[in-house]
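The structure appears right after this line, and notes come after that.
The values are calculated or read from the model by the stated rules, or taken from the named source; none is laboratory data. As the structure is a computational prediction, the values presented were derived from the model and not from experiment. Counting neighbours? That spans all protein chains shown, and the Cβs are built from the backbone with ideal geometry, glycine included.
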Amino acid sequence: RAADKKWRIGFSQATTLEPWRVQFNKDIKAEAEKQPDVELLIADAEDKTEKQVADVENFIRQEVNALLISPKESAGLTGVVDKAIDAKIPVFVLDRNVDTQRYTQFIGGDNVVIGKAVGDFVVKALGGPGKAAGNVVEIWGGLGTQPAHDRSDGFHAVADKETGLKFLLDKQSADWKQNLAYDIMTTALRNFEKIDLVYGHNDPMAYGAYLAAKDAGREKEIKFVGVDGLPNEGVVWVNKGELAATFLYPTPGAEGLRQAVKLLKGEKVEKTIVLPTMAITKENAPEILKQNGLM
Ligand code: FRU
């Protein structure tokens, strides 16, 4: 870049239909504002793979200095990531992965670790290790995404050891959406007389299931567990007792931008950065709300 010019960083966001992504965009914009030599361009793919492919192709044509992408799904976005790398644009893959290792860096939470933490929580909530018993509904995120598979695999690595646990549904996906989870849960409530716990792969789906149970007058008999832990969303629901727990999944917005700038300034970056998680329950929810000025 010319000395008087800014680094142009293109960010291809999968969707802004989900609250976590709205926060993600806020985080990346806030970080970009702190960086005087950065011009951040954001494209919202509106939850459509075809639009996201076009958005990335557009960034490649514009010859951005770096590309950040949080893919809607793995398979459909792998080709354009390859294309960007071929065009010598450094690519930072955020949160959901693609089916290639040909990128500059991946930043995201460890969803297997999160799934295992959910498993530990669920086992404890339903009677403890070796004694856990109950009927569990798992509502999947997008089937074409790694986070959904990892959150399920981690969970089952722990929960399947408990012979007293029954898993009622067979890989039902609500594609991360609250309203679709509401529908899946409404059907599950009709089909099963006894449901003890719902694990939603994100908080909006856990909450959608809670609302369905509430509308059926059965929310008191069921525990709901989610992932994301946004202060103004999951943490509020935990604090109200609507969700029993959520597990923090920080957005990679700020870190993604910092890492891109680091690379553009000529420093080396690691291949993978793992963001931390933590359990959020009734015990620590008030503290988190206070820290965020929400209580
Ligand atoms: C938002 C979201 C989050 C979830 C993440 C997984 O689109 O569904 O709720 O944690 O994506 O990739």
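Being within 16 Å of the ligand (Cβ to nearest atom) and among the charged types (D, E, K, R) is the filter; apply it to the range 189-245 and report the residue that is nearest to residue 20 (Cα to Cα). Here the residue is 228. One residue stands out in the range 1-28 among those that are touching a residue at least 60 places away in the same chain (Cβ under 8 Å), touching a Leu at 6+ places or on another chain (Cβ under 8 Å) and over 15 Å from residue 94 (Cα atoms): the one that is surrounded by the fewest Cβ atoms within 10 Å (Cβ to Cβ), namely 19.
Selection of the range 240-284 for residues being in a helix (DSSP H, G or I) and touching a strand residue (DSSP E or B) at 6+ places or on another chain (Cβ under 9 Å) yields 253, 255, 256, 257, 259, 260, 261, 263, 264.
In the range 255-282, the residues that are without any contact (Cβ under 8 Å) to a residue 40 or more places away in the chain reach residues that are of a type in the set (Val, Ile, Thr) with C-beta atoms within less than 8 angstrom, at least six apart or across chains, in these pairs: 262/269. Inclusion of residue 196 among residues that are surrounded by 24 or more Cβ atoms within 10 Å (Cβ to Cβ) and acidic (Asp, Glu) is not warranted. The helices (runs of 4 or more DSSP H) found wholly in the range 136-231 include none carrying at least 1 residues that are more than 19 Å from residue 112 (Cα to Cα), at pLDDT below 95 and of a type in the set (Asp, Glu). On the stretch given as the range 139-161, residues that are near the ligand (Cβ under 10 Å from one of its atoms) and polar (S, T, N, Q) total 2. Residue pairs whose Cβ atoms lie under 6 Å apart, separated by 6 or more positions or on different chains, with the first residue in the range 157-179 and closer than 24 Å to residue 126 by Cα and the second in a loop (DSSP other than H, G, I, E, B), are 162/132; 164/132; 164/133; 165/132; 168/192; 173/143. Note on the range 75-127: residues that are more than 20 Å from residue 47 (Cα to Cα), within 14 Å of the ligand (Cβ to nearest atom) and not hydrophobic (A, V, I, L, M, F, W, C) amount to 4.
Residue count for the range 190-232, restricted to those that are among the basic types (Lys, Arg) and in contact (Cβ under 8 Å) with a residue 40 or more places away in the chain: 2.
Residues that are under 16 Å from the mean Cα position of the chain (by Cα), among the polar types (S, T, N, Q) and surrounded by fewer than 23 Cβ atoms within 10 Å (Cβ to Cβ) within the range 129-149 comprise just one, 146.
Entry remark, the range 15-36: residues being near the ligand (Cβ under 9 Å from one of its atoms), charged (D, E, K, R) and outside any loop (DSSP other than H, G, I, E, B) number 1 in total.
The residue that is surrounded by the fewest Cβ atoms within 10 Å (Cβ to Cβ), among those in the range 41-74 that are within 18 Å of residue 106 (Cα to Cα) and away from the ligand (no atom under 16 Å from the Cβ), is 65.
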